Every structure is written in C-alpha cells, then in structure tokens.
Amino acid sequence: MEGKAGPVKDRENDDIAAIMHSLGEAASGAAAALAVASTDTKNTALTAAATAVRTDASKILAANGKDMDAAQERDISTALLDRLELDDHRIESMAKGLEEVAALPDPVGAVMAQWSRPNGLEIARVRVPLGVIGIIYESRPNVTADAGGICLKSGNAAILRGGSESFHSSTAIAGCLAQGLEQAGLPKGCTQLVPTRDRAAVGEMLTMIDCIDVIVPRGGRSLIERVSAESRIPVIKHLDGNCHVYIHAGADLDMARKVVLNAKMRRTGICGAAETLLIDEAVLESHLPPILNDLAGAGCEVRGDEKAAALDEHVRPATEADWDTEYLDAIIAVRVVSDVSHAIAHINLHGSHHTDSIITEDAAAAALFLNEVDSGIVMHNTSTQFADGGEFGMGAEIGISTGKLHARGPVGAEQLTSYKYVVRGVGQVRP
C-alpha cells in the first residue's frame, strides 16, 4: 500500500493465520472508534481519499498495467479484462464515487421509528453499524474504493480481499484510502486490504467469527458457492447476474431495440448485463428481426429456441443450459413466450433474482411483472445496465444482493447498518 501509511507487499510466504489475525484485531479496534466517529470526520476521510485517487492516478494506472500484462499472459477472457482494466475515466469515476458517498446522509444514528407507550416509555429504533465487514471480490479493482468508502460512511471497519489478478491495482487504491484515514485522524484498521494473493487467506477469513461480523462475496458462482459452503459468518450474497429483458406485446419497437442493445452490449462483463431476451409471440415477426439485426451489428452471438431460430439463419439453437447461463460476454439467449405470465414463470425459474426488465406500454402488464418477478431489482421500460448503486443515487455499492436477508438489491451505506432500540423512561418499573 503506497502513501504515508507505508508499503504493503505480497506476503505469500508469511503465515496466513497470523496475517489474518493481525488484520482482524486491528479491524475490531478500529470499528469501535469508527462507530462513534462524527459525520464530518468520516466525510473528511472520504474526500481526502478522493483527492489521493486523483493525485496518484499515474501510480494506479502503472499498477493496473502490471495486472493487465499478467492477465493477458494468462489468456484471461475479454470480459474479465474489461472488468480489470482502469483508465482515466474509471479512475475519475472512483474519485467521484467517494465524493458522492461523502455527500450522502449519514445512516448511523438515524431514527427509523419512534413511539410512546401508555406507561410513558419512549422507544426509538436507531441505525447502528454492523461492525467489521469482510469483503471478498474478484477482478474489478474499483470495488476497493467503492467498498472501502461505503463501509467507512456506514461506520463499519472493512477487511478487503481483492482478486489476485487485481492485486497491484487494489493495493494502489487502498493506499489512497489509507491517506484519507490518516488525514481524518481515524485508525488505519478502518480499511485494510489483505496483503497476500494466497487463496488460503479466504479460508481463514471465513472462520474469523471473533473479528468479522458479516462477509460480502462479490464475484462468480464458484466464489459465492465456496463462501456459502465454508463461511461460519453471516453472508450477504451477490450471486451471478442472469438478467432478462422481456419484450411484451405492448412494447414500442424503437424503445425495445434501444433498450435491448444497451442492456446486452453496453458492457457485457458486468452483472447487470442482460443474458436472456424473452419476447411475446404476438410481436415475434414485427419486433424480433430488427432487434436481432441490431445485436448482430454489434457483434453479439444469438442462441434461440426453435421459433426464434426460424426467423434468422444466424441464430444458433439454444440448449436448456443457455437459460441458466450468465455469459458475461457478447452472447444472448432468446426465448419466445406466450404472454406476461409465461415470461414471469421463466424468469422466476431460470433467473438469479438479480435484475429483470419489461418493455411495454401496457400498464397492467407492467404492474403484474413488477409485482410477481422475484428479483432484487425489477424494471419497466429501461435497461438492466442501470442495476448499480451509483445509478440509484447511493454513491456506490459493494454489490447487488440476490438474497433476502439482510439486504436486497444494491448494497450501499444504509444497507450496511443494523439497528438497536433506545428506550427512555422516568423511573418506570414493570408490575
């Protein structure tokens, strides 16, 4: 980690248990201080970190260059390379994200509800931090800034375990967060990056019940499955994004074309990218051919059911596995459905409960879809690529939760709090 906090090297030969125990002790102590830190103090740390990101942009890009070179030597997919790569625009987005998080209302101490009892007791439900959050993520180095910033705003200490392929990038970014903490007078343990690429660190992290309160995994299915199976700590899951766009019979064609192309092709490697297109049979011949032409023109491979394939010789036959696949690539599956109920049934069966969108001018069909699709985010007449905490006005996020406990959808600062009850009396005793 660069900056005044001192360098952190890849300590692969060190004792993993000792490394993780040291991080846990520091985080526990820092969490106690951070839970009572003022809003101004936390915001100072965030804005100073944003300034450091801009100031150290060349260092971050140089570190990212090392990661990109190593990834290309390992023949990593184009989608994963896109997730890994940083440029001036993405660095500026990280800095702005930290500033946007600083500008958000402080969730800590907010009164969620309050009431009086007949006996005179005054009761309030008040937001409090979760404590220490362990975040395990893969190739996207910007998660280091997003997760660190959101945890800081919500009063939580963070132990960040980035992917091995983004080690140098994440280390440089974590250095900027450390500079912000130092300028605000907060403990270094508030935000720590695991200083080793050894996979054993993840296993150790999942057993640290005395130090870590919540684990947040952000990555592919294999990571989520491992964390779910091994963690002794509560988990907020970010499962894969098998997202759908459904073209209803009442869809405007121009809108449908624009939304489908953006939902699939804007960035194919993000979890909000559409992976399956559903279309009503009633508009199959009028709507699907121009949509397929748009996708083909953008370099997207299409895999369709029999009815979709019959319209275009370039559509490859889909298999049952395609309906359950998160491609993270320029590939989309197309299925023809009979009506909105058929579409809902398909999504609830094959989707990952992430983000799904209906395109229609029919208000009743839209209402049915939004009410009955069992996903963290449901949309009407817009692209699934908006499935992002920053786009929701949350500054940033540490993932899209596809579970139902403790948070669902974009996980921002407010979602990283719990609550306690504050009861005030004037000497009442219970009879």
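Overview of values
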read-out	value
Estimated distance in nm for a label pair at Val429 and Val111, the labels positioned 7 Å out from Cα along Cα-to-Cβ	2.9 nm
Entry for Cα extents along the principal axes in Å (calculated from the structure that is shown) out of (i) 70, 67, 37; (ii) 90, 47, 45; (iii) 72, 55, 33	(i)
With Cα atoms, 0 to 90° folded angle of helix 363-372 axis to the chain main axis	50 degrees
Separation in nanometres of the label points that stand 7 Å from Cα toward Cβ, at Glu301 and Asp254	3.4 nm
Computed label-point distance, nm, for sites Leu349 and Glu372 using a 7 Å Cα→Cβ extension	1.4 nm
Within the chain, percent of DSSP bridges classed antiparallel, to nearest 5	30 percent
Ranked list, fewest to most other Cβ atoms within 10 Å of each Cβ, for Tyr419, Tyr246, Tyr327, Tyr137	Tyr419, Tyr327, Tyr137, Tyr246
Whole-Hz ³J(HN,Hα) from phi, Karplus 6.51 cos²θ - 1.76 cosθ + 1.60, for the stretch 381-394, glycine and proline x	6, 7, 7, 5, 5, 7, 6, 7, x, x, 5, 8, x, 9
Length-normalised contact order for the chain - Cα pairs under 8 Å, 6+ apart - percent	19 percent
Two-site FRET efficiency, Asp362 against Ala310, from Cβ-Cβ distance with R₀ of 30 Å, rounded to 0.05	0.70
Amide H within-cut-off set for Ala333, under 5 Å, with H built and near neighbours excluded	Thr276, Leu277, Arg303
The stretch 91-192, relative contact order [Cα under 8 Å, separation at least 6], %	24 percent
Tilt relative to the chain, helix 39-55 - C-alpha long axis, 0 to 90 degrees, to 10	60 degrees
Centre separation in Å (Cα based) which lies between the stretch 22-49 and the stretch 359-410	31 Å
Point-charge dipole on Cβ atoms (K/R +1, D/E -1) for the chain, about Cα centre, debye to 20	1960 debye
Added length on full extension, which subtracts the Cα-Cα distance from 0.36 nm per residue, Glu25 to Arg197	59.9 nm
Under the Karplus curve 6.51 cos²θ - 1.76 cosθ + 1.60, θ = phi - 60°, whole-Hz ³J(HN,Hα) for the stretch 327-340, x wherever Gly or Pro sits	6, 6, 7, 7, 9, 9, 9, 10, 10, 8, 10, 7, 6, 5
Mean separation of Cα contacts under 8 Å, 6 or more apart, over the residue count of the stretch 140-270: relative contact order %	17 percent
27 Å Cα-Cα threshold exceeded, pairs from Lys42/Lys66; Lys237/Lys307; Lys96/Lys188; Lys66/Lys404	Lys42/Lys66; Lys237/Lys307; Lys66/Lys404
Order of Cys176, Cys271 under a 10 Å beta carbon neighbour criterion, fewest first	Cys271, Cys176
Selection from Ala50, Leu277, Thr417 lying farthest towards where the dipole of the chain points positive, charges on Cβ	Thr417
Antiparallel bridges, percent of DSSP beta bridges restricted to the stretch 243-386 (to nearest 5)	0 percent
Tensor-based shape of the stretch 243-386 (alpha-carbon gyration tensor, a/c under 1.5 rounded, otherwise prolate or oblate)	rounded
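None of the figures in this text is laboratory data; all of them are computed from the coordinates on show. A quick note: this is a predicted structure, and the numbers were derived from the prediction, not measured. Cβ sites come from the backbone with ideal geometry, for glycine too, and all protein chains shown count toward neighbours.
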